[in-house]
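The values are calculated or read from the model by the stated rules, or taken from the named source; none is laboratory data. Please read all numbers here as calculations on a predicted model, not as lab measurements. For neighbour counting, all protein chains shown are included, and Cβ atoms are generated from backbone atoms with ideal geometry for every residue, glycine included. Side chains are part of the model used for accessible areas, which takes the heavy atoms of the whole protein and leaves out ligands, DNA and RNA. Shrake-Rupley method; radii C 1.70, N 1.55, O 1.52, S 1.80 Å.
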Amino acid sequence: MKPETKTSRRDFIRKGSLMAGVLAVSPAVLSAACAAPDKKLGIALVGLGGYAGGLLAPALQKTANCYLAGIVTGTPAKAVEWAKKYNIPQKNIYNYQTFDEIANNPDIDIVYVVLPVSMHKEFTIRAAKAGKHVICEKPMALNAADCRAMIAACRQANRLLSIGYRLHFEPHNQEAMRLGQKQVLGKVTIIETGNGFVYGGNPNAWRLKKALAGGGGLMDMGIYAIQAARYTLGQEPIAVKATQEKNNPDLFKEVDETVFWELKFPGGQKVTGKSSYNDNLGFLRVTAEKGKFDVEPAYGYDGIDGHVNGKQMDLPNINQQAAQMDDFATCVRLNKQSRVPGEEGEKDMKVIDAIYRSLDSGKWEKIG
Ligand code: NAD
């Protein structure tokens, strides 16, 4: 884990910032398909950075349907450390060069890609070709076209693909989906969303390199706010207009710092959003015909809270990562599409692609 990421993430959490047709009969495929119903499925984490080490590996100690079976890392010292800490056998440890040999490992049912964004496409496709089901972290890829290639590769290999959208398993956000989509307070008329944190890390980190991250605060944090608008309405936006602001152009030379957008939905709701690497925020505020609801902090790992017409939602904070991975293991066992499939990641990337086009053109841009 890079120290800078550790610091910024910890900060983020503390502030509650908001925050191939191939191998059809590989042993691993047979293992997942034939696993006894009470056997936990094996997950291999690819990329042992801040999120894998700080959140996913600990969550995998709490999961009921899956467990941490393997790791893929480019750093030999991490392999030693993780093997000891999590009791991972040598035969389940790979590096980026030996990764494809995972095809012959029946202990691994699911590969979880937790790498810089530019590497998501390659490792998702390689995992699917190795006969493994895949969870890929957000943002799914550098652009929507890459998302489509990843979806096609998983489909061709007959493997399930899911995106690490943990908030679909989080009670307050689920309540916002219910209130909005079922029009419990009447039709939603206004949505305001935002997500960000003050980036205080290493100026050389991958998050600040366009080639590795695809973009800045919008790709990393704004994606949650875009998705919240989509899941509150249960509709897809059709156009977007965006502007941006940079207070620290030296640090954010290659990527966006703060972005503002307005989304046009078919129902005519007024939907605005903000992403930032220079502001601690994380909110979803919704106005409907007969009342209001909000989730705030909305997008962090814990400390999530919400209100309906001013009254606090009486809902628990849960281990989102454990719930998300357990659900995917169940989907694999039942051969059922995840509620957050690759297509969900592609939809967000279509919006993000259009926001970047709008920043360039200064005009409304069609989505998709
Ligand atoms: P990180 O920088 O802490 O870890 C990245 C890992 O990738 C490191 O182990 C690093 O060694 C490895 N790596 C391999 N090749 C690399 C290269 N060329 N450059 C840099 N690192 C390289 O990042 P992170 O915070 O763990 O994020 C990883 C992914 O997880 C990202 O897609 C991020 O958006 C996502 N993430 C999701 C959540 C969530 O809540 N769902 C939270 C944090 C991060």
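Quick check on this structure: which one of Val295, Val286, Val240 is more than 21 Å from Glu137 (Cα to Cα), touching a strand residue (DSSP E or B) at 6+ places or on another chain (Cβ under 9 Å), within 16 Å of the ligand (Cβ to nearest atom) and not small (Gly, Ala, Ser)?
Val295
Out of the residues in the stretch 281-320 that are polar (S, T, N, Q) and touching a Gly at 6+ places or on another chain (Cβ under 8 Å), state the one that is surrounded by the most Cβ atoms within 10 Å (Cβ to Cβ).
For the stretch 281-320, the residue satisfying everything is Asn317.
Hey, among the residues in the stretch 115-132 that are away from the ligand (no atom under 15 Å from the Cβ) and open to solvent by 10 Å² or more (accessible area, probe 1.4 Å), which one's farthest from the chain's Cα centre (by Cα)?
Per the criteria, the residue is Lys129.
Can you pull out every residue in the stretch 94-110 that is more than 14 Å from the ligand (Cβ to nearest atom), in contact with a helix residue (DSSP H, G or I) (Cβ under 8 Å, 6 or more places away or on another chain) and either under 14 Å from Thr73 (Cβ atoms) or assigned to a helix (DSSP H, G or I) (or both)?
Asp100, Ile102, Ala103, Asn104 - these are the residues of the stretch 94-110 that are more than 14 Å from the ligand (Cβ to nearest atom), in contact with a helix residue (DSSP H, G or I) (Cβ under 8 Å, 6 or more places away or on another chain) and either under 14 Å from Thr73 (Cβ atoms) or assigned to a helix (DSSP H, G or I) (or both).
If you go through the stretch 47-90, how many residues are among the polar types (S, T, N, Q), within 12 Å of the ligand (Cβ to nearest atom) and touching a helix residue (DSSP H, G or I) at 6+ places or on another chain (Cβ under 6 Å)?
Selection size over the stretch 47-90: 1.
What is the number of the single condition among (1) over 17 Å from the mean Cα position of the chain (by Cα); (2) closer than 25 Å to Glu296 by Cα; (3) crowded, with 24+ Cβ neighbours inside 10 Å that Leu179 does not meet?
Leu179 satisfies all of (1) over 17 Å from the mean Cα position of the chain (by Cα); (2) closer than 25 Å to Glu296 by Cα; (3) crowded, with 24+ Cβ neighbours inside 10 Å except (3).
Looking at (1) in contact with a His (Cβ under 6 Å, 6 or more places away or on another chain); (2) more than 20 Å from Ala211 (Cβ to Cβ), find the lone condition where Pro106 falls short.
So Pro106 meets the others, but not (1).
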